[in-house]
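S.K.: This is the structure I want to talk about, given as structure tokens.
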Amino acid sequence: SHNDTYLSKLQELQHRHLETVAALQLGPSQTDSLRETISSDFNAIAEVLRGVWITRLPSERIVEYVSGDGEIRSAQLLHAYLEARGHSSNWLDARKVLVVEPNNNTIAIDWPLSQEKLNAWATDVKTDFLVITGYVAATHDGVATTLKRNGSDLSASIFGALLGADSVTIWTDVDGVYS
């Protein structure tokens, strides 16, 4: 039998995101914009998952696309929160600049191309806070992918290097205690 519980689970997840938007107490235009973006993105994911459900053919690329979506939402929410609190903020979807090629459970970073894309993106960016998605990247042909296991920590180090940071601090949640 075909298990279609994916749709109700996806709707529950979308509802949690919309509740988070409401809890952030943003301005009306930010709230409307985020709600519209979330609805649109979840509709796209629902279409992708429906195709998998119909064909019963999940591909690794679809898994990569869907599993990285939460990072996009987190960055958008943090950016909106900072802006609503009067901070100058900008956010970057790492898939627009970080180019990698997946190879089994690892990835190969295209450092020169990623640096070039980041530099081009940052040309006119003036901000106090820059929120960058972790865990996600894109392949040379523009297909969304992830940085695999521990990819968020890895992406922090990658962007630290690309941005010329003096240091990178990674907070790790171990059994609810950050260290």
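The values are calculated or read from the model by the stated rules, or taken from the named source; none is laboratory data. These numbers were taken from a predicted model, which means no experiment stands behind them. With ideal geometry, Cβ positions are generated from the backbone for all residues, glycine too; neighbour counts draw on all protein chains shown. Please note that ligands, DNA and RNA were not included when accessible areas were found on the heavy atoms of the full protein model with its side chains. Shrake-Rupley method; radii C 1.70, N 1.55, O 1.52, S 1.80 Å.
S.K.: From (1) out of contact with any strand residue (DSSP E or B) (no Cβ under 8 Å at 6 or more places or on another chain); (2) open to solvent by less than 50 Å² (accessible area, probe 1.4 Å); (3) at pLDDT below 95; (4) hydrophobic (A, V, I, L, M, F, W, C), pick out the condition that doesn't hold for LEU162.
M.R.: Here LEU162 clears every test but (3).
S.K.: For the range 79-99, state whether one or more residues are closer than 24 Å to SER152 by Cα, in contact with a strand residue (DSSP E or B) (Cβ under 8 Å, 6 or more places away or on another chain) and at pLDDT below 90.
M.R.: no
S.K.: Anything in the range 128-159 that is in contact (Cβ under 8 Å) with a residue 60 or more places away in the chain and either in contact with a strand residue (DSSP E or B) (Cβ under 8 Å, 6 or more places away or on another chain) or within 9 Å of LEU98 (Cβ to Cβ) (or both)? List them, or say none.
M.R.: Let us first name the residues in the range 128-159 that are in contact (Cβ under 8 Å) with a residue 60 or more places away in the chain, namely 133-136, 143-146, 152, 155, 158-159.
Within the range 128-159, THR133, TYR135, VAL136, ALA144, THR145, THR146, SER155, ILE158, PHE159 qualify.
S.K.: Taking SER29 as the residue in question, decide whether it is of a type outside the set (Val, Ile, Thr) and open to solvent by less than 70 Å² (accessible area, probe 1.4 Å).
M.R.: It is false that SER29 is of a type outside the set (Val, Ile, Thr) and open to solvent by less than 70 Å² (accessible area, probe 1.4 Å).
S.K.: Inside the range 5-18, can you point out the residues that are more than 19 Å from the chain's Cα centre (by Cα) and either closer than 19 Å to LEU82 by Cα or open to solvent by less than 90 Å² (accessible area, probe 1.4 Å) (or both)?
M.R.: THR5, TYR6, LEU7, SER8
S.K.: With the structure loaded, tell me whether THR55 is of a type in the set (Ser, Thr, Tyr) and either under 30 Å from THR123 (Cβ atoms) or touching a residue at least 60 places away in the same chain (Cβ under 8 Å) (or both) or whether it fails that test.
M.R.: No, not satisfied.
S.K.: Out of ILE45, ILE38, ILE54, report the one residue that is among the aliphatic types (A, V, I, L, M), open to solvent by less than 50 Å² (accessible area, probe 1.4 Å) and in contact with a His (Cβ under 9 Å, 6 or more places away or on another chain).
M.R.: Working: ILE45 fails: in contact with a His (Cβ under 9 Å, 6 or more places away or on another chain); ILE54 fails: open to solvent by less than 50 Å² (accessible area, probe 1.4 Å).
Being among the aliphatic types (A, V, I, L, M), open to solvent by less than 50 Å² (accessible area, probe 1.4 Å) and in contact with a His (Cβ under 9 Å, 6 or more places away or on another chain) holds for just one of ILE45, ILE38, ILE54, which is ILE38.
S.K.: For TYR65, only one of the following conditions fails: (1) under 30 Å from LYS126 (Cα atoms); (2) aromatic (Phe, Trp, Tyr); (3) touching a Phe, Trp or Tyr at 6+ places or on another chain (Cβ under 9 Å). What is its number?
M.R.: With (1) under 30 Å from LYS126 (Cα atoms); (2) aromatic (Phe, Trp, Tyr); (3) touching a Phe, Trp or Tyr at 6+ places or on another chain (Cβ under 9 Å) applied to TYR65, the lone miss is (3).
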